[in-house]
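Participant: Shown below is the structure under consideration.
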Amino acid sequence: MIDSKEEWLISGKKCYAVTARDEVLERFVDSLSTCRYLAPSDLRIIGGKDPAGRIKIVLTGQFVSQVPFSEFRKQFIRPFKINHKR
(Lines give C-alpha, C1' and ligand atoms only; values in the text may rest on other atoms or scores of the structure.)
Protein backbone atom coordinates (compact mmCIF):
# COMPACT_ATOMS: atom_id res chain seq x y z
CA MET A 1 0.00 0.00 0.00
CA ILE A 2 2.50 2.65 1.17
CA ASP A 3 6.26 2.32 1.71
CA SER A 4 8.73 4.70 3.31
CA LYS A 5 12.47 4.88 3.69
CA GLU A 6 15.20 7.26 4.70
CA GLU A 7 17.28 8.48 1.76
CA TRP A 8 19.86 11.10 0.91
CA LEU A 9 19.52 13.79 -1.75
CA ILE A 10 22.34 14.42 -4.22
CA SER A 11 23.19 17.48 -2.10
CA GLY A 12 23.90 15.17 0.83
CA LYS A 13 20.84 16.19 2.85
CA LYS A 14 18.69 13.56 4.50
CA CYS A 15 15.14 13.06 3.26
CA TYR A 16 12.20 10.69 3.75
CA ALA A 17 10.81 9.00 0.65
CA VAL A 18 7.23 7.74 0.49
CA THR A 19 6.01 5.59 -2.40
CA ALA A 20 2.44 4.51 -3.12
CA ARG A 21 -0.28 4.44 -5.76
CA ASP A 22 -1.67 7.85 -6.74
CA GLU A 23 -4.89 7.65 -4.75
CA VAL A 24 -3.13 6.38 -1.60
CA LEU A 25 -0.39 8.97 -1.84
CA GLU A 26 -2.95 11.71 -2.36
CA ARG A 27 -4.70 10.74 0.89
CA PHE A 28 -1.34 10.55 2.67
CA VAL A 29 -0.37 14.05 1.51
CA ASP A 30 -3.77 15.33 2.68
CA SER A 31 -3.14 13.82 6.10
CA LEU A 32 0.29 15.45 6.24
CA SER A 33 -1.22 18.86 5.49
CA THR A 34 -2.70 18.86 9.01
CA CYS A 35 0.72 18.26 10.57
CA ARG A 36 2.04 21.17 12.59
CA TYR A 37 5.66 20.15 11.86
CA LEU A 38 5.35 20.20 8.09
CA ALA A 39 5.48 23.43 6.12
CA PRO A 40 4.38 23.33 2.46
CA SER A 41 7.99 23.99 1.44
CA ASP A 42 9.06 20.75 3.18
CA LEU A 43 7.13 18.56 0.74
CA ARG A 44 8.49 18.00 -2.73
CA ILE A 45 7.11 15.65 -5.34
CA ILE A 46 9.81 14.02 -7.44
CA GLY A 47 9.94 11.50 -10.23
CA GLY A 48 6.94 10.01 -11.86
CA LYS A 49 5.07 6.76 -12.04
CA ASP A 50 6.87 3.44 -11.99
CA PRO A 51 5.61 0.45 -13.99
CA ALA A 52 3.39 -0.57 -11.05
CA GLY A 53 1.61 2.82 -11.18
CA ARG A 54 3.21 4.16 -8.01
CA ILE A 55 4.69 7.60 -7.46
CA LYS A 56 7.26 8.83 -4.97
CA ILE A 57 7.34 11.96 -2.84
CA VAL A 58 10.26 13.21 -0.80
CA LEU A 59 9.98 15.10 2.47
CA THR A 60 12.88 17.45 3.05
CA GLY A 61 13.85 20.46 5.11
CA GLN A 62 13.04 21.43 8.68
CA PHE A 63 10.61 18.54 9.17
CA VAL A 64 13.30 15.92 8.53
CA SER A 65 15.73 17.57 10.93
CA GLN A 66 13.09 17.78 13.69
CA VAL A 67 11.47 14.35 13.40
CA PRO A 68 13.69 11.22 13.37
CA PHE A 69 12.78 8.59 10.76
CA SER A 70 11.64 6.11 13.40
CA GLU A 71 9.20 8.73 14.73
CA PHE A 72 8.08 9.63 11.21
CA ARG A 73 7.14 6.00 10.62
CA LYS A 74 5.52 5.73 14.05
CA GLN A 75 3.56 9.02 13.89
CA PHE A 76 2.64 9.20 10.19
CA ILE A 77 3.12 5.98 8.23
CA ARG A 78 1.82 3.42 10.75
CA PRO A 79 -1.37 5.36 11.67
CA PHE A 80 -2.05 6.06 7.99
CA LYS A 81 -1.77 2.36 7.16
CA ILE A 82 -4.12 1.46 10.01
CA ASN A 83 -6.70 4.13 9.13
CA HIS A 84 -6.71 3.49 5.38
CA LYS A 85 -6.73 -0.28 5.08
CA ARG A 86 -8.99 -1.58 2.34
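The values are calculated or read from the model by the stated rules, or taken from the named source; none is laboratory data. This is a predicted model, so every value here is computed, not measured. Virtual Cβ from ideal backbone geometry, glycine too; neighbours counted across all protein chains shown. Side chains are part of the model used for accessible areas, which takes the heavy atoms of the whole protein and leaves out ligands, DNA and RNA. Shrake-Rupley method; radii C 1.70, N 1.55, O 1.52, S 1.80 Å.
Participant: Using 16 Å as the cut-off for backbone N distance, which residues of the stretch 50-86 belong to the label zone defined by a point 7 Å from the Cα of residue 41 along Cα→Cβ?
Facilitator: The answer is 59-66, whose backbone nitrogens lie closer than 16 Å to the label point.
Participant: Using the structure shown, list the pairs from 5/49; 14/56; 13/49 with a Cα-Cα distance above 22 Å, or answer none.
Facilitator: As for pairs spanning more than 22 Å Cα to Cα, those are 13/49.
Participant: Let me ask something additional. Tell me, what HN-Hα J-couplings in whole Hz come from the Karplus equation 6.51 cos²θ - 1.76 cosθ + 1.60 at θ = phi - 60° for each residue of the stretch 55-69, using x for Gly and Pro?
Facilitator: Each residue of the stretch 55-69 in turn: 10, 10, 10, 10, 9, 9, x, 3, 4, 5, 6, 8, 10, x, 4 Hz.
Participant: Right, another one. Using Cα pairs closer than 8 Å and at least 6 residues apart in sequence, work out the relative contact order for the chain, in percent.
Facilitator: Contact order relative to length: 30 percent.
Participant: With every protein chain present, what is the per residue accessible area of the chain (1.4 Å probe, Å²)?
Facilitator: Heavy-atom SASA per residue in the chain reads 64 Å².
Participant: Give me the compactness ratio for the chain, meaning the Cα radius of gyration over 2.2 N^0.38 Å.
Facilitator: Output field value: 1.02.
Participant: If I ignore ligands, DNA and RNA and count only protein heavy atoms, how much of residue 26 is accessible to a 1.4 Å probe, in Å² to the nearest 10?
Facilitator: Surface open to solvent at residue 26 totals about 120 Å².
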